[in-house]
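Participant: Sharing a structure below in structure tokens format, with a few things to ask.
The values are calculated or read from the model by the stated rules, or taken from the named source; none is laboratory data. The structure displayed is predicted, hence computed values, not measured ones. Please note: Cβ atoms are built from the backbone with ideal geometry, for glycine as well, and neighbour counts cover all protein chains shown. Quick note on the areas: whole protein, heavy atoms, side chains included, nothing else; ligands and nucleic acids left out. Shrake-Rupley method; radii C 1.70, N 1.55, O 1.52, S 1.80 Å.
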Amino acid sequence: MAMGSNFNEYTQVAPVSYGNGAVAEIASKVKRFGAQKVILVFDGGVKASGMADRVAKLLEDGDLTVALFDDVKSDPTDAQVEAIGEIAVKEGAELVIGLGGGSVLDAAKMVGIYIKNPAPLRPHMLSNGLNPPLPIAPVILLPTTSGTGSEVSCVAVVSHDEDHVKDAIFANCAFVILDPELTVSAPPHVTAFAGLDALAHALESYTSASASPMTMLLATHAISLVVQNLRKAYDNGQDIDARSKLAFASNIAGMSFNDTGLHFGHTFGHELGGIFGLPHGMASSYAIPAVIKFTAKHDPERAQGIADAFGVATAEDARTAALSLMHDLGVRKFSDNNISVEAAQALAEDAIAHNVFFHNTVVPLSVDDFKDIIADIVVGFDEYTG
Ligand SMILES: [Fe+2]
């Protein structure tokens, strides 16, 4: 997540095996890393879908020994991750497999770190400075939602138990299995918020001060794929063509923002979601229209790129299309969340303090600028949705 200095550097965190049915090869992928004992980490939703049983059977049929952890919490805390890590160490796991959405994927990466460094992880987190990455056991990630891009990010995000503040630690996985069939059971609201999260990643990355020709290529294509396919997957979860395109969009948006960082949209979304208990994807989507408007004002060329990716004439048209998409996909009005303009603006200082990437915009933003943008986000969305 370099910021401001990577115009000539772009990264591919791990190899990705992409395609319908790719999960069938999981045992052979594990063997690439010489591992015999693995821990498969997932959550209650993935367990209920039957996917975890299927993956465990594929591993056992490949003569691997599998330990299971079936209860990763949403926004896992460091205490929970260390508890899973203890189980992994006790079971002698040499490799970690994460099967799930962003919380599970990030937890799996941190378990990989814990196996090699069984001690409290907090001293190594980004809130304590840019520590070099710790050694990590091989981690294979299988996303079951299309949104977070965690599988191709160089960090894992964790919430601290004592204060619920989000923190992160450098952690690359070793291999990704991006099988769109694993996303088919995601319910409509999960599909919607994950897809909007991917759109927010792509837009903030595309408009980042650190964007490069490579990241812009990835981000604009991701925007187009989300705009063309998210409603289809929301309306019909079995639409495997739409699911495939969203899985790819989420993945390349993740690659893009892993290089560029995000900016004020996720600064707002992280703090809003944390304080008011909103799902990450919904909270992070609120700023999408504001990111487009801000770009139209300060960087018309890039704003036209957004319009082109949306398949519309102007940035204003793209902003309207984004509002329409958010409305149709069930993003709640601020008033329905009992969040006033003043309450949202009151988050500004802490949001900036907790999200260093805030400063990653094409022109610098002051706290007052940010508060004006927040007011526009709240009023703009609630007025549009009537
Ligand atoms: Fe996000």
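Participant: Order THR314, THR215, THR148 by their accessible area, 1.4 angstrom probe, all chains in place, largest first.
Facilitator: THR314, THR148, THR215
Participant: Arranged from highest to lowest average of other beta-carbon atoms within 10 Å per residue, in what order do the peptides 373-383, 333-343 appear?
Facilitator: 373-383, 333-343
Participant: If the only charges are +1 at each Lys and Arg Cβ and -1 at each Asp and Glu Cβ, what is the size of the charge dipole of segment 22-178 around the Cα centre, to the nearest 20 debye?
Facilitator: That gives a dipole near 460 debye.
Participant: Another question about this same structure. How would you classify segment 244-386 from its alpha-carbon gyration tensor, with a ≥ b ≥ c the square roots of the eigenvalues: rounded for a/c under 1.5, else prolate if a/b is greater than b/c, otherwise oblate?
Facilitator: It comes out rounded by the Cα gyration axes.
Participant: A further question follows. Among ALA108, GLY50, VAL152, whose Cα lies farthest out toward the positive end of the dipole of segment 22-178, if unit charges sit on the beta carbon of Lys, Arg (+1) and Asp, Glu (-1)?
Facilitator: Farthest towards the positive end: VAL152.
Participant: How far is helix 300-310 tilted off the main Cα axis of the chain, in degrees rounded to 10, range 0 to 90?
Facilitator: Here the helix axis deviates by roughly 60 degrees.
Participant: Compute the helix-to-body angle for 264-276: its Cα long axis versus the longest principal axis of the chain, expressed 0 to 90° and rounded to tens.
Facilitator: With rounding to tens, the tilt is 70 degrees.
Participant: Any idea what the dipole of segment 187-384 comes to, in debye rounded to 20, about its Cα centre with Lys/Arg Cβ at +1 and Asp/Glu Cβ at -1?
Facilitator: 480 debye
Participant: With the cut-off at 1.5 for a/c, could you classify segment 10-126 from its C-alpha gyration tensor as rounded, prolate or oblate?
Facilitator: Note, shape of segment 10-126 comes out rounded.
Participant: Lysines within cross-link reach of LYS73: Cα-Cα under 25 Å, excluding same-chain residues under 8 positions apart?
Facilitator: In chain and number order, the partners are LYS37, LYS47, LYS57, LYS90, LYS109, LYS116, LYS166.
Participant: Further question: Defining a contact as two alpha carbons under 8 Å apart and six or more residues distant in sequence, what relative contact order in percent does segment 187-384 show?
Facilitator: Relative contact order, segment 187-384: 26 percent.
Participant: Quick check: pseudo-label points 7 Å beyond the Cα along Cα→Cβ at SER127 and ALA346, how many nm apart are they?
Facilitator: Roughly 2.1 nm, to one decimal.
Participant: Here's something else I'd like to know. Principal axes first, then extents: for the Cα atoms of segment 162-240, list largest minus smallest coordinate on each axis, whole Å, largest first.
Facilitator: Rounded to whole Å, the extents work out to 39, 35, 27 Å.
Participant: Could you rank ASP197, ASP75, ASP299 by how accessible they are, 1.4 Å probe, largest area first?
Facilitator: The residues order as ASP75, ASP299, ASP197, largest area first.
Participant: THR77 to ALA313: FRET efficiency via 1/(1 + (r/R0)^6), r the Cβ-Cβ distance, R0 45 Å, to the nearest 0.05?
Facilitator: Step by step, r from the Cβ atoms, then E = 0.45.
Participant: In whole Å, what is the distance between the alpha-carbon centres of segment 143-160 and segment 266-337?
Facilitator: 20 Å
Participant: Out of all DSSP beta bridges with both ends in the chain, state the antiparallel percent to the nearest 5.
Facilitator: Counting only bridges with both partners in the chain, antiparallel ones make up about 25 percent.
Participant: Would you work out the charge dipole size for the chain about its Cα centre, treating the Cβ of every Lys and Arg as +1 and the Cβ of every Asp and Glu as -1, and quote it to the nearest 20 debye?
Facilitator: 820 debye
Participant: Next question, about the same structure. Aspartates and glutamates near LYS31 by alpha-carbon distance under 15 Å, same-chain residues fewer than 8 away left out - which ones?
Facilitator: GLU60, ASP61, ASP63, GLU94
Participant: Let me ask something else about it. Could you check what % of the DSSP bridge pairs in segment 22-178 are antiparallel, to the nearest 5?
Facilitator: Percentage antiparallel, nearest 5: 25.
Participant: For n ≥ 4 DSSP H runs only, could you compute -39500 (n - 2.57) per run for the chain, divide by its residues and tell me the 222 nm figure to the nearest 500?
Facilitator: -16500 deg cm²/dmol
Participant: Still on this structure, I have one more. Contact order normalised by length for segment 12-140, with contacts defined as Cα pairs under 8 Å and 6 or more residues apart; what percent is it?
Facilitator: For segment 12-140, the relative contact order is 26 percent.
Participant: Right, next: Which order, highest average first, do 10-20, 286-296, 42-52 follow once you tally other Cβ atoms within 10 Å for each residue and take the mean per peptide?
Facilitator: Answer by packing, highest mean first, reads 286-296, 42-52, 10-20.
Participant: I would also like to ask the following. What are the residues whose amide H is under 5 Å from the amide H of ALA168, where those residues sit 5 or more places off or on another chain and H is modelled from the backbone?
Facilitator: LEU126, SER127, VAL158
Participant: Run a plain Debye calculation on segment 158-301 (Cα atoms as equal point scatterers, no solvent) and give log10 I(q)/I(0) at q = 0.17 Å⁻¹, rounded to two decimals, same order as the q list.
Facilitator: Each listed q corresponds, in turn, to -1.01.
Participant: How many angstrom lie between the C-alpha centres of segment 183-260 and segment 15-46?
Facilitator: 23 Å
Participant: Sticking with this structure for a sec: Please report the relative contact order for the chain, taking Cα pairs under 8 Å with a sequence separation of at least 6, and give it as a percent rounded to a whole number.
Facilitator: Result for the chain is 17 percent.
Participant: By the gyration tensor of its Cα atoms, with a ≥ b ≥ c the square roots of the eigenvalues, what is the shape of the chain: rounded for a/c under 1.5, prolate for a/b over b/c, or oblate?
Facilitator: The shape class here is prolate.
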